[in-house]
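Derivation of every value follows stated rules applied to the coordinates shown; laboratory data play no part. All values derive from a computational prediction rather than experimental measurement. Please note: Cβ atoms are built from the backbone with ideal geometry, for glycine as well, and neighbour counts cover all protein chains shown.
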Amino acid sequence: MIDNNIFNNKKVAFHTLGCKLNFSETSAIGKQMTDEGFSKIKPGEEADVCVINTCSVTDTADHKCRQAISRLNRQHPNAIMVVTGCYAQLKPDEIAAIDGVDLVLGANEKFSILDHLRKLDNSGIAEVHRDEIKQVREFKPSCSHDDRTRYFLKVQDGCDYFCTYCTIPFARGRSRNATIAETVAMAEEAIRDGAKEIVLSGVNIGDFGKSTKEGFFDLVKALDNIQTDVRFRISSIEPNLLTDEIIDYISSAKRFMPHFHIPLQSGTNEVLEIMKRKYNRELFAHKVEKIKQLMPDAFIGVDVIVGVRGETAELFEQSCQFIDSLDISQLHVFTYSERAGTKMLEMEHIVHLKERKHRSDVLHALSDKKTKAFYESQRGKTSPVLWESRHKGENMVGFTANYVKAERPYDKILVNKVEIVTLGNWNEDKSAICIAP
């Protein structure tokens with residue numbers, strides 16, 4: 001058992017897998033622990049406690065989690081190993097059976113980690129603490145700062161959609177959020193901490209307000225009215241929840257950037273129906289057209305899943321043709337993975353793994369084409385760039401308002417500063433545009 005009066009002598013290591021929401025929550029857990037006297041390990045040090053925040057979106061994600069647990073156990077053989085996150089919520093007994101694991105905390109219990117550490121005994125048998133997530137209604141806020149310039153602010157958690165391929169509702173529970181006033185206060189705290197750019201994060205952020213009888217559009221307006229020089233981005237929003245009203249507002253907003261991330265998942269209505277998505281491809285095309293009509297230079301990222309059950313070769317080809325017709329900037333391609341407990345498993349038509357990989361390769365090539373075309377359209381244009389601390393060789397990296405990756409000769413004075421630049425030619429590996437001299 002860890003006694004509270006010796007927390008000051010303990011070192012902790014964190015390892016996070018998965019989405020930005022996980023990183024934001026790990027940051028909140030880290031603050032709890034350091035406030036109680038823990039210190040984060042430095043290179044070469046051995047930890048007293050290891051905290052692994054897991055993902056379970058695919059079988060590959062589960063595998064990476066198990067690898068991380070084993071690796072940290074080898075690196076810190078005497079540490080108390082705590083595993084939490086989506087994988088821990090969905091398969092706690094599987095994790096508890098892994099050698100070296102001492103404590104398994106469900107999605108809600110992760111925020112009470114100190115209490116569980118205080119009560120942990122030394123029996124050698126992993127303890128599991130996991131509530132039924134569907135009963136959880138409390139929203140736990142968090143905000144993280146990555147090693148660049150942006151902050152990730154958790155504004156919503158959980159999902160009520162129950163798409164046939166997805167386990168997130170079982171891992172994170174029902175949709176819930178803080179109030180607008182509380183969310184604005186968290187954003188203002190991040191700004192006081194030095195944030196120049198804040199990304200609104202969540203599981204289904206367009207559903208914000210469901211638990212407080214408010215609305216996402218009202219949150220956008222409240223954040224946009226913050227009287228500070230800060231940039232906001234929306235991490236991802238369902239097309240049926242990205243209203244024309246929101247698009248109209250962002251087109252002339254003071255703080256919100258012309259940058260959208262919209263999950264499509266499939267470019268055919270047949271597969272969208274199999275997935276039980278809440279829109280059709282005609283609505284999705286309308287959203288893209290609406291954005292580009294009002295914001296011609298807007299960056300639009302799109303999520304697509306390939307190889308789901310029921311996606312025939314003909315439907316995949318139709319999906320590719322539809323995606324190619326869209327004026328978008330980038331694809332985030334995910335390969336379907338069977339998940340226990342999902343309705344998709346009832347579908348008889350199975351896409352073999354080799355074919356799933358082929359379809360992923362096809363869409364990655366299409367994404368490269370779309371991104372290069374978008375970047376080419378931006379050459380010669382003037383845009384504000386927020387420069388980051390990271391750099392490639394002698395050049396530093398930053399992003400324009402519409403999310404074009406730019407680079408220039410490194411200048412320490414410009415880190416976390418906005419500079420108005422003219423975009424020039426591609427760099428050597430065509431990963432960014434250099435600013436014009």
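Of the trypsin sites (Lys or Arg not before Pro) in segment 164-241, the ones in a loop by DSSP (not H, G, I, E or B) with at most 15 other beta carbons within 10 Å are Lys213. Net charge in the neighbourhood of Gln75 (other residues with Cβ under 11 Å of its Cβ; Lys, Arg +1, Asp, Glu -1) is 0. Size descriptors for segment 288-433 (Cα atoms only): Rg and Dmax, in that order, 19.1, 59 Å. Here the label points at Lys392 and Ser112, each 7 Å from Cα along the C-beta direction, are separated by 4.7 nm in the simple model. Each part gets one Cα centre, and for segment 256-305 versus segment 402-429 those centres are 29 Å apart.
Of the beta bridges in the chain, as assigned by DSSP with both residues counted there, near 35 percent are antiparallel. Normalised by the number of residues in the chain, the mean separation of alpha-carbon contacts (under 8 Å, six or more apart) gives a relative contact order of 10 percent. Of the options Ile291, Ile237, Ser325, report the single residue whose Cα projects farthest towards the positive end of the charge dipole of segment 142-378 (beta-carbon charges: Lys, Arg +1; Asp, Glu -1). Selected residue: Ile237.
Selection among Gln156, Gln227, Gly194 by position relative to the dipole of segment 142-378 gives Gly194 as farthest towards the positive end (Cβ unit charges, Cα centre). Net length available on complete extension from Arg137 to Ile413 is 94.8 nm, with 0.36 nm assigned per residue and the Cα-Cα distance removed. About the centre of its Cα atoms, segment 119-258 shows a dipole size close to 100 debye [charges on the beta carbon of Lys, Arg (+1) and Asp, Glu (-1) only; nearest 20 debye]. Among the GluC sites (Glu not before Pro) within segment 303-385, those in coil by DSSP and having at most 16 neighbouring Cβ atoms inside 10 Å are Glu338, Glu348. Taking one quarter of the surface of the C-alpha convex hull of segment 382-435 gives a mean projected area of 3.2 nm².
For Lys357 and Arg379, what does the FRET efficiency come to when R0 = 60 Å and r is the distance between their Cβ atoms, rounded to the nearest 0.05? Before the final figure, lay out the partial values.
Working: r = 34 Å, r/R0 = 0.56.
The formula returns an efficiency of 0.95 here.
Across the chain, Cα-Cα pairs more than 35 Å apart make up 34 percent of the total.
On a full-extension model of 0.36 nm per residue, what is the gain between Asp193 and Asp229, subtracting their alpha-carbon distance, rounded to one decimal in nm?
Values: separation 36, 0.36 × 36 = 12.96 nm, distance 1.34 nm.
Answer, rounded to one decimal: 11.6 nm.
A simple spin-label model places the labels of Glu273 and Lys254 4.8 nm from each other, with each point 7 Å out along Cα-to-Cβ.
Find how much the distance from Lys369 to Lys430 grows on full extension, using 0.36 nm per residue of separation minus their present alpha carbon separation; answer in nm with one decimal. Don't jump to the answer; show the numbers that get you there.
Details: separation 61, 0.36 × 61 = 21.96 nm, distance 1.22 nm.
Roughly 20.7 nm would be gained on extension.
Projecting the Cα positions of Ser252, Pro263, Ile305 onto the charge dipole of the chain (unit charges on Cβ atoms of Lys, Arg, Asp and Glu, taken about the Cα centre) puts Ser252 furthest along the positive direction. This model, with +1 at the C-beta of Lys and Arg and -1 at the C-beta of Asp and Glu, gives the chain a dipole about its Cα centre of some 580 debye.
Computed from backbone phi, the HN-Hα couplings of segment 349-366 come to 6, 10, 8, 5, 4, 4, 6, 4, 4, 4, 5, 4, 4, 4, 6, 5, 5, 5 Hz, rounded to whole numbers (Karplus: 6.51 cos²θ - 1.76 cosθ + 1.60, θ = phi - 60°; Gly and Pro given as x).
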